[in-house]
Amino acid sequence: MDVDVLVIGAGAVGLAIAAEFARSGRDVIVLEACDGIGTQTSSRNSEVIHGGMYYPTDSLRHRMCVAGRRKLYDYLEVRGVPHLKRGKLIVATSDSETRKIEAIHATGLTNGVEKLELVSGAKAMAWEPALTCTAALWSPETGVVDSHGYMLALQGEIEDHGGMLAFNTPVVRIEPLNSGGFRVTTGGVEAGVITCQRLVNSAGLYAQRVAGGIEGYRADLIPKLVLAKGNYFGCSGKPAFSRLIYPAPVDGGLGVHVTLDLAGRMRFGPDENGCRMQIRTLSTIASIPLGRLRSMTLSAATGRACRTTRSRRTIRVVAPRFQGRASRRRISVSMGLSCMGMRGW
């Protein structure tokens, strides 16, 4: 075999897997169709480190989120990757929403999420004067991270342990070998063939396409690709909040929320629409209407301060959504970059 492990996709997940194999002494190569690490879904998200209170107890998402968060904070600290525990308020504006966040609190405690606290609306509004709510769930362990810095740290580990990354190298064909392992044909300027003992498909939006290119692989084992498109809207004025602000969950996701990056820049999003094509375009679109901002529990004064205008420039990004048995509890995928460099939004 040419290599022990071949990872397809140099996003955050692919790099993390490759780094783990490299640490264990495996010979690793990462194939990436684009010209750099994390150029797609991994670079278009809210950069939030989630607590783990939303997910059904003992589900894979619960176990990976809670344990993964703890390990991630340790890793970021050791590797010197910028991050910050800003904390998150999940807010309610009605009795029905209060019941929702109480249920999330109970699930979070069962899931082992640390320091969760139900607080009154008065206390939450004292912390965040621009907020309007009747109750809130406080998650101090929720944070934000420099996602590109994280991926650079993983890339450095892979290369420090003798691994390699091959950019502009799309996978064209995958053949299982009778003796075990795979023969992978690649395209690009330096097209070629490489054999490996283990193959990891971490191709993100193109994972289904890669799986479909494996000779003899059963088509019924490949999940249907369902895409969603969304945008973030950035506020160029002074941030109204110092913490992340999330509404009580809505059907199909976590709802439009407020996030803050490491520099304190505030953005709202993502909105969400279904789509059929994987597109990333610059275009003129209408910003989130004020009515939706109010539904996010912003006070009227904050809504006026961050008045909506027509966004001249944004990036629309497509991300996959879970279907099947999980279709009614699809996780929220944060898409798009904030609109910066304009007045208002």
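For this structure, a couple of remarks:
- Every condition in (1) over 20 Å from Ala33 (Cα atoms); (2) in contact with a helix residue (DSSP H, G or I) (Cβ under 6 Å, 6 or more places away or on another chain); (3) not assigned by TED's automatic domain parsing to the domain that holds Ala130 is met by Asp160 except one, and the failing one is (2).
- Comparison of Arg86, Arg69, Arg44 shows that the only residue that is at pLDDT below 95 and surrounded by 18 or more Cβ atoms within 10 Å (Cβ to Cβ) is Arg44.
- Boolean, Pro270 is touching a residue at least 40 places away in the same chain (Cβ under 8 Å), in the same structural domain as Val119 (by TED's automatic domain parsing) and surrounded by fewer than 21 Cβ atoms within 10 Å (Cβ to Cβ): no
- Flag set for Thr142, criterion: buried (at least 23 other Cβ atoms within 10 Å of the Cβ), farther than 23 Å from Asn201 by Cβ and polar (S, T, N, Q).
- Condition met for Leu165 (under 25 Å from the mean Cα position of the chain (by Cα) and closer than 21 Å to Cys133 by Cβ): no
- Condition broken by Tyr206, with the remaining ones in (1) part of a loop (DSSP other than H, G, I, E, B); (2) outside the structural domain of Ser139 (by TED's automatic domain parsing); (3) not small (Gly, Ala, Ser) satisfied: (1)
- Residue check, Arg63 farther than 22 Å from Leu262 by Cα, without any contact (Cβ under 8 Å) to a residue 40 or more places away in the chain, of a type outside the set (A, V, I, L, M, F, W, C) and not assigned by TED's automatic domain parsing to the domain that holds Ala263: yes
- Test: residue in the range 209-223 that is closer than 21 Å to Ala16 by Cα, among the aliphatic types (A, V, I, L, M) and under 24 Å from the mean Cα position of the chain (by Cα): yes
- Hey, Gly121 within 19 Å of Leu244 (Cβ to Cβ) and crowded, with 20+ Cβ neighbours inside 10 Å or not: no
- Filter result for Glu128 (acidic (Asp, Glu) and not assigned by TED's automatic domain parsing to the domain that holds Val30): yes
Table: residues versus (1) farther than 28 Å from Val48 by Cβ; (2) without any contact (Cβ under 8 Å) to a residue 12 or more places away in the chain; (3) not polar (S, T, N, Q).
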| residue | (1), (2), (3) |
| --- | --- |
| Leu131 | no, no, yes |
| Glu141 | no, no, yes |
| Ser147 | no, no, no |
| Gly162 | yes, no, yes |
| Thr169 | yes, no, no |
| Thr186 | yes, no, no |
| Val189 | yes, no, yes |
| Gly204 | no, no, yes |
| Val210 | no, no, yes |
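The values are calculated or read from the model by the stated rules, or taken from the named source; none is laboratory data. Small disclaimer: the values here were computed from a predicted structure and weren't measured. So basically every Cβ, Gly included, is an ideal-geometry build from the backbone, and we count neighbours across all protein chains shown.
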